[in-house]
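In what follows, a single structure is set out as structure tokens and then discussed.
The values are calculated or read from the model by the stated rules, or taken from the named source; none is laboratory data. From a predicted model like this one, the values you see are computed outputs, not experimental measurements. Neighbour counts are summed over all protein chains in view; Cβ atoms, including those assigned to glycine, are modelled from backbone coordinates with ideal geometry. The protein model used for the area step is the full one, side chains on, heavy atoms only, and it has no ligands, DNA or RNA in it. Shrake-Rupley method; radii C 1.70, N 1.55, O 1.52, S 1.80 Å.
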Amino acid sequence: MFRITLIIFAVVSAIAYTTISSSDSDYAVDIREARRLLMASEMPHFVFGSQGPTFEVRAEGAQVQWIAKRGGVEFFRYIATLTELGADKTRVELELKGSKSGGSASVASKLAEKPSIQNLYVVAMREQIAATLERRPFDMTQIASALAIASAGNMSSMRSSLDEAATASEQRAKESIQRAYREEAQGNRR
Amino acid sequence: MIPAFDSIMSRPLVTAIIVICGSILSGCSESKPEPGVYKLSVAEAYGRLSDNTLEELVLFRQCGILIHVKPEGRQGQQVIWRVYSSGKKVVEFSAALTALDDQNTKVTITFPTGPDGAEPYNGSQSYNRPAFNQPLRPAVEEQVAALLEGRPYDAKKAGRGQDNVCSIQRGGLENGLVFRVDDKLGTVGSPRK
């Protein structure tokens, strides 16, 4: 009985682990149309900001991939696998894969260390895909809980950057903000 | 066996109690200022606020977009602050100054309400590119109080921001990302030139 319990627990844990970085949903759209729409889709804007990584979109067989790069180097990629379920019905399975180059400092390692951030990236992209295929605006309420969890996990560092003047991280944060204002003043007048 | 009273009440302890009681009594003899009332003349209060760009409020409360506060003083009785980002006004609020006497001024903070009667950034609003963490009112009140009381802004008095979108974007700004108020939904915006 104990052994069976362990097996069940292991199976559930394995499922839970994989769902952190992947999800799937069905959409009332023809697979060819779904692929066309996803190839033209934008990225979940608020997660990456105005100066986030650039994205390269590729279609490979049944997959659409969005590859995030900075300086020509891949950070991570979203992989959407499309499956035709029938006329005007398509399943989209989404995965997030971090780059493994760099060993323990790789994006894959960093994402694994921050499951709440990884989950937010997946949830946000899943909502972007849904918004695209359902031809509607991005719905922030769909990601509210993932956003709250990710914020909570990172809130202490943000708070300390505000409240503890002596820390190096706060100093870097201030300098980054000040640099943004300087560059704005020197560049386009906003 | 109960120790004698005077052996329990040692001299340092008695001194401490006298000091505490004294401070309590002195506190009772002076009426505490009403919230929003400051020991300044209207002219002095106006002088401190009318050209102030609320830098501490911006530093502690801004989100990911870059914001600029433009103050406008009116006839020595009101100061309006309009907040802009990328040339677009994102929020405004004002302080009305009322002289209670020669040395005391009441300051009332006002936000224009929307069509639904709600204040902007009241803690329940949703913005794609928020300018300030919500709720904004207590943070504005703390900034005004700090300026009129001649002390630094106290983030603890303003209370913690509750807007997760703001916090995420602020985190991005602190790490070199740039957000714009006119970013379109679903886009990453344009690279910084």
Could you please tell me which pairs satisfy a Cβ distance under 7 Å, a separation of 6+ or placement on different chains, a first residue in the range B:54-75 that is over 15 Å from A:Ala173 (Cβ atoms), and a second residue that is surrounded by fewer than 17 Cβ atoms within 10 Å (Cβ to Cβ) and of a type in the set (S, T, N, Q)? B:Val69/B:Thr53; B:Pro71/B:Thr53
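Within the range B:91-144, take every residue that is among the small types (Gly, Ala, Ser) and over 21 Å from B:Gly73 (Cα atoms) and give me the one that is surrounded by the most Cβ atoms within 10 Å (Cβ to Cβ). Please lay out each step first, then the result.
Filtering the range B:91-144 down to residues among the small types (Gly, Ala, Ser) leaves B:94-96, B:99, B:114, B:117-118, B:123-124, B:126, B:131, B:139.
Subsequent filtering for residues that are over 21 Å from B:Gly73 (Cα atoms) retains B:114, B:117-118, B:123-124, B:126, B:131.
Details: B:Gly114: 11, B:Gly117: 6, B:Ala118: 13, B:Gly123: 16, B:Ser124: 11, B:Ser126: 11, B:Ala131: 26.
The selected residue is B:Ala131.
One line per residue, one yes/no per condition, for (1) among the basic types (Lys, Arg); (2) in contact with a Lys or Arg (Cβ under 7 Å, 6 or more places away or on another chain); (3) at pLDDT 90 or above:
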| position | (1), (2), (3) |
| --- | --- |
| A:Phe46 | no, no, no |
| A:Gln51 | no, yes, no |
| A:Ala62 | no, no, yes |
| A:Trp66 | no, yes, yes |
| A:Glu74 | no, no, no |
| A:Ala105 | no, no, no |
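Are there any strands (runs of 3 or more DSSP E) wholly within the range B:66-118 with 3 or more residues that are within 14 Å of chain A (Cβ to nearest Cβ), and if so which? Steps first, answer last, please.
Values: elements: B:68-74, B:78-85, B:88-101, B:104-110.
Here the list reads B:68-74, B:78-85, B:88-101.
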With (1) farther than 29 Å from A:Glu184 by Cα; (2) open to solvent by less than 50 Å² (accessible area, probe 1.4 Å); (3) within 13 Å of chain A (Cβ to nearest Cβ) as the list, and B:Lys156 as the residue in question, which single condition is left unmet? (2)
So which pairs qualify, if the first residue must be in the range B:172-193 and open to solvent by less than 40 Å² (accessible area, probe 1.4 Å), the second must be modelled with pLDDT of 50 or more and acidic (Asp, Glu), the Cβ gap must be under 6 Å, and the two must be at least 6 apart or on different chains? B:Gly186/A:Glu42; B:Thr187/A:Glu42; B:Gly189/B:Asp183
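Quick grid of which residues meet (1) more than 10 Å from chain B (Cβ to nearest Cβ); (2) surrounded by fewer than 18 Cβ atoms within 10 Å (Cβ to Cβ); (3) modelled with pLDDT of 70 or more:
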{"site": "A:Arg91", "(1), (2), (3)": "yes, yes, yes"}
{"site": "A:Leu96", "(1), (2), (3)": "yes, no, yes"}
{"site": "A:Leu162", "(1), (2), (3)": "no, no, no"}
{"site": "A:Lys174", "(1), (2), (3)": "no, yes, yes"}
{"site": "A:Ile177", "(1), (2), (3)": "no, no, yes"}
{"site": "A:Tyr181", "(1), (2), (3)": "no, yes, yes"}
{"site": "A:Ala185", "(1), (2), (3)": "no, yes, yes"}
